[in-house]
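Working notes, beginning with the structure itself.
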Amino acid sequence: MRHLGFQASLCVALLRGSSPSSQAARLKPLLADLGANRVSSVLKEGGCVSQLLVGVLSDTHGRLPEDAYAELADCDFIIHAGDICGPGIMLELGGLAPVCAVLGNNDYPEYGESVGTVATPRIGGVRFLVTHTPTDLRAILSGRTNVLKPGDPVSQVAIHGHTHVPELLRGSAAAPADVVLCPGSVTRPRGGSKRQLAKIAIENGAVREIRFVELG
């Protein structure tokens, strides 16, 4: 078993032999408790910490490969941009670091109330916008939805999944965000890309570096 920490390992043991529907029902309170105990040190209302590493992945489609898990082990926070396709994946990721995730088009609302279609976390002083499809992301950024209200601060890093193709946009191509990022897929790459994820280094409340990590 991967090293998940005592609480997460206990959760996995409790779920062995359960049906998928039973696993989903039992995971909701377990995931909520695990997240509540870990997230407060990273998500700070209006504040920031000096240095953070954020791992970004998407489109796991029910499988978290060992190499992806290993690459995320040094992260202080993890973002999953949808098509999780398995509550157990959230539990594994939560054993590494606090997790922010959104539902993809292949997901069901089985992860608890904290996982919806859009997330707007502030991590280390940086404002993020996360949703699954690039179409939804652009609609939100352009103000065609009610997700961002007039006067709300513009998201600095906008993240989506769905395409399975890694992409990093800056400048006018990302506006009004500073950056639009798709990490690709850790299981089913498309467009000639390799399986990969992304890492965002945050320092003193600003994005210092964004890099893609190709997996084997």
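One residue stands out in region 130-169 among those that are basic (K, R) and part of a loop (DSSP other than H, G, I, E, B): the one that is surrounded by the fewest Cβ atoms within 10 Å (Cβ to Cβ), namely K149.
Within region 165-216, the set of residues being of a type in the set (G, A, S) and closer than 22 Å to T131 by Cβ comprises G171, S172, A173, A174, A175, A177, G184, S185, G191, S193, A198. Looking across region 178-191 at every residue that is crowded, with 22+ Cβ neighbours inside 10 Å and aliphatic (A, V, I, L, M), the one that is farthest from V207 (Cα to Cα) is identified as V186.
If you take the residues of region 35-72 that are modelled with pLDDT of 75 or more and hydroxyl-bearing (S, T, Y), which of them is surrounded by the fewest Cβ atoms within 10 Å (Cβ to Cβ)? Applying the filter and picking the extreme gives Y69.
No other residue among G55, G104 is in a strand (DSSP E or B) and either within 17 Å of T187 (Cα to Cα) or touching a helix residue (DSSP H, G or I) at 6+ places or on another chain (Cβ under 6 Å) (or both) apart from G55. Note on region 112-129: among residues that are among the aliphatic types (A, V, I, L, M) and out of contact with any Phe, Trp or Tyr (no Cβ under 6 Å at 6 or more places or on another chain), the one that is surrounded by the fewest Cβ atoms within 10 Å (Cβ to Cβ) is V118.
Among the conditions (1) buried (at least 19 other Cβ atoms within 10 Å of the Cβ); (2) closer than 20 Å to L72 by Cα; (3) modelled with pLDDT under 95, I200 misses just one, which is (3).
Rundown of residues vs (1) in contact with an Asp or Glu (Cβ under 9 Å, 6 or more places away or on another chain); (2) under 28 Å from P153 (Cα atoms); (3) free of Cβ contacts under 8 Å to residues at least 60 places away in the same chain, yes/no style:
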{"site": "I84", "(1), (2), (3)": "yes, no, yes"}
{"site": "E92", "(1), (2), (3)": "no, no, no"}
{"site": "P98", "(1), (2), (3)": "yes, yes, no"}
{"site": "N106", "(1), (2), (3)": "yes, no, yes"}
{"site": "R122", "(1), (2), (3)": "yes, yes, no"}
{"site": "L129", "(1), (2), (3)": "no, yes, yes"}
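The values are calculated or read from the model by the stated rules, or taken from the named source; none is laboratory data. As the structure is a prediction and not an experimental result, all values here were calculated from the model. Every residue, glycine as well, gets a Cβ built from its backbone with ideal geometry; the counts of neighbours run over all protein chains shown.
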